[in-house]
Amino acid sequence: MRSFGLTSLCIWLFVSCSWFCLWGISFYFIMDPMLATVFFPFALRLGLTLHSVKKYWLAIYAAEWSGLLLLAVSLPNYHWQALVTASVLSIPVTLLARRYYKGMQWRLLVVMAVSITVLAVLNTLALSSFHFFDISNTQRLGFVFLVSMTSGLMLVPSCYLIWNYLFQKSWIPLTVDVVSRPVEFRSQHLFFFCLLFIANILLQVHLPEQLSLFAPFCLAIPIIVLAFRYGWEGALLGTLLNSIALIAARSEISSIEIVDLLLSLSAQSLTGILLGIGIQHQRDLNTRLSKQLKRNYSLSRQLVTAEESVRQNIARELHDEIGQNITAIRTQASILKRLETTPAGGQCADSIEQLSLNIYDTTKGLLSQLRPKTLDDLGLKAAIEQVIRDLDFESQEIDVAMSYPKAVDTVMTDMLQITLFRVVQEALNNIAKYANASEVLIAFSVDSNITMEIEDNGIGFKTSDTLKGFGLRGMKERIEALGGQCVITSFTQPKMPLNIPADSIQPSGTTIRVVLPLFAPNYSQQQYKSH
């Protein structure tokens, strides 16, 4: 109870000081004590009650009512009854708003905007009911409504900004590392923004009367810049600084100019906040997308690792089981040939032995496709050379050249090695079957990424056909899932008239260019090994 009393007293003192300071600023701008109360002080009360615990509302309202009574004593013709009525009427509205003031940011802003509008209407009705304004004078009533709306759009989001920064952010504990970390002071940004606002104030003061309508467009520049750089927080800060510039630059102005200024402030507040929220929402989506992509990179790597592990286990089991069984079959066939003296029995034994050898050769080819032993024992280059020998390119008179710098092995991980080998295996298999090529070039290069190009001078194909098959399409999807790029370009050689010179005919052929990151973003080699 004692802690609650001390806290309430501190809140009362803080709100009282802030209330009178804002009333002084409002009175300097509007030059009317009643409207000055409806301007910044009432907006401050709404912003505080929306973002504070309900048990401290009494201290906030007590500070406001104390200020109203002091002004009533100090100023003649100060209709404090109307203002107290408007203040009391705001309590049920704020209570109802607090019930829905939760959830996503757009919902908070909608509740905030509805509350500001309803309280602006209540302020207008309260002042008109006590004959402060003639209810038939719609222009004066509209002015009260405009004053309430403008102040609400300026101060209530500011209270939300402070509340969000203090109570919704995750604060880092004050450890030795944080204390020793140097403070980054971005003086260039500060200088640029100060220069913008100084230029705006100078435009407000010294711009010729013929170009006065051009000033609000200049004031929109800092809001746009701050919104683009810092989101809705920057847009709100730009709006507040613009408001200070407008109020400070314009003194001794007529009521019509005050209305224009209030409309300008309201429009700037709405535009800046909505623009900032849109940019902030886009950045939040980009952040979530980036996190999801990193997660997909991790899952893709784990899937490839699991796939290759299954391939390796199946290859080992096939090699061990089928190899032993085939050896046993050949042994039994040899025994059968020695025991069986008839020609028919010998032929059957020979057939059994030949079929077992065919099964062994077929299994050996399948094992090479599943998981080539050369890839594990000698590396990527030797495994590619083994594929070239298995596909018998030499007998098909296909010349294969390979550029493989030593730097490739220094950055090669098991993941990259497996992926690049599968691409080469699929590409060389297609070249051997369909390309009718005479030359093939395989080139590797390393910088921030690892790049591989496979180029042939064959007959080419339509690149749209790559989506129909599983080989090239699966290869491309696998590379893109790992954060890489796979570009396939192919040119077919059309039938041309005989009078066309040979050097003007575009050569045919296919090029497969693969670019893979050495590691996915924010995904270290240690993390990869841990998977």
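The values are calculated or read from the model by the stated rules, or taken from the named source; none is laboratory data. What you see is a predicted model; the values in this text were computed from it and never measured. Every residue, glycine as well, gets a Cβ built from its backbone with ideal geometry; the counts of neighbours run over all protein chains shown. The area values use the complete protein model at the heavy-atom level, side chains included, leaving out ligands, DNA and RNA. Shrake-Rupley method; radii C 1.70, N 1.55, O 1.52, S 1.80 Å.
On the stretch given as segment 266-286, residues that are of a type in the set (S, T, N, Q), at pLDDT 75 or above and open to solvent by 70 Å² or more (accessible area, probe 1.4 Å) total 2.
If you go through segment 296-313 and pick out every residue that is closer than 19 Å to L518 by Cβ and not hydrophobic (A, V, I, L, M, F, W, C), you end up with 8. When Y360 is evaluated against the numbered criteria (1) under 21 Å from I442 (Cβ atoms); (2) open to solvent by 80 Å² or more (accessible area, probe 1.4 Å), which criterion, by number, is the only one it fails? Every condition holds for Y360 apart from (1). The C-beta contact set for segment 188-204 (first residue closer than 10 Å to P222 by Cβ, second residue at pLDDT below 70 and open to solvent by less than 60 Å² (accessible area, probe 1.4 Å), distance under 7 angstrom, 6+ apart or interchain) comprises F197/A245; N200/C218; N200/L219; N200/A245.
Given the structure, is V53 touching a residue at least 12 places away in the same chain (Cβ under 8 Å) and of a type in the set (A, V, I, L, M, F, W, C)? No, not satisfied. Residues in segment 8-24 that are among the aliphatic types (A, V, I, L, M) and more than 16 Å from L68 (Cα to Cα): L9, I11.
Taken over segment 314-336, the criterion of being over 14 Å from L366 (Cβ atoms) and open to solvent by 80 Å² or more (accessible area, probe 1.4 Å) is satisfied by Q324, N325, T327, R330, Q332. Looking at E426, E455, can you tell me which residue is at pLDDT 85 or above, within 22 Å of V514 (Cα to Cα), in contact with a Ser or Thr (Cβ under 8 Å, 6 or more places away or on another chain) and among the charged types (D, E, K, R)? None of the others qualify; the one that does is E455.
Candidates are the residues of segment 377-391 that are without any contact (Cβ under 8 Å) to a residue 12 or more places away in the chain and of a type in the set (A, V, I, L, M); the one that is most open to solvent (accessible area, probe 1.4 Å) is L378. Restricting attention to segment 84-106, does a residue exist that is part of a helix (DSSP H, G or I), open to solvent by 40 Å² or more (accessible area, probe 1.4 Å) and touching a residue at least 60 places away in the same chain (Cβ under 8 Å)? Checked against the condition, which is being part of a helix (DSSP H, G or I), open to solvent by 40 Å² or more (accessible area, probe 1.4 Å) and touching a residue at least 60 places away in the same chain (Cβ under 8 Å), segment 84-106 yields at least one hit.
Residue count for segment 333-346 satisfying the condition of being polar (S, T, N, Q) and either modelled with pLDDT under 80 or not in a helix (DSSP H, G or I) (or both): 2. Restricting S524, S490, S504 to those that are open to solvent by less than 80 Å² (accessible area, probe 1.4 Å), at pLDDT 80 or above and not hydrophobic (A, V, I, L, M, F, W, C) reduces the list to S490. If you filter segment 216-233 down to residues that are open to solvent by 20 Å² or more (accessible area, probe 1.4 Å) and of a type in the set (A, V, I, L, M, F, W, C), you find that the one that is modelled with the lowest pLDDT is F217. Among residues that are in a helix (DSSP H, G or I), farther than 30 Å from L236 by Cα and of a type outside the set (G, A, S), Q282 is not included. Filtering T419, T374 for residues that are at pLDDT below 75, within 56 Å of the chain's Cα centre (by Cα), crowded, with 17+ Cβ neighbours inside 10 Å and among the hydroxyl-bearing types (S, T, Y) leaves a single hit, T374. The condition (being more than 23 Å from G483 (Cα to Cα) and open to solvent by less than 40 Å² (accessible area, probe 1.4 Å)) is satisfied by just one residue among A401, A432, A443, A427: A432.
T7 meets the stated requirement of being in contact (Cβ under 8 Å) with a residue 12 or more places away in the chain, over 18 Å from L122 (Cβ atoms) and hydroxyl-bearing (S, T, Y). Picking from residues in segment 13-60 that are outside any helix (DSSP H, G or I) and open to solvent by 20 Å² or more (accessible area, probe 1.4 Å), the one that is farthest from V93 (Cα to Cα) is M31.
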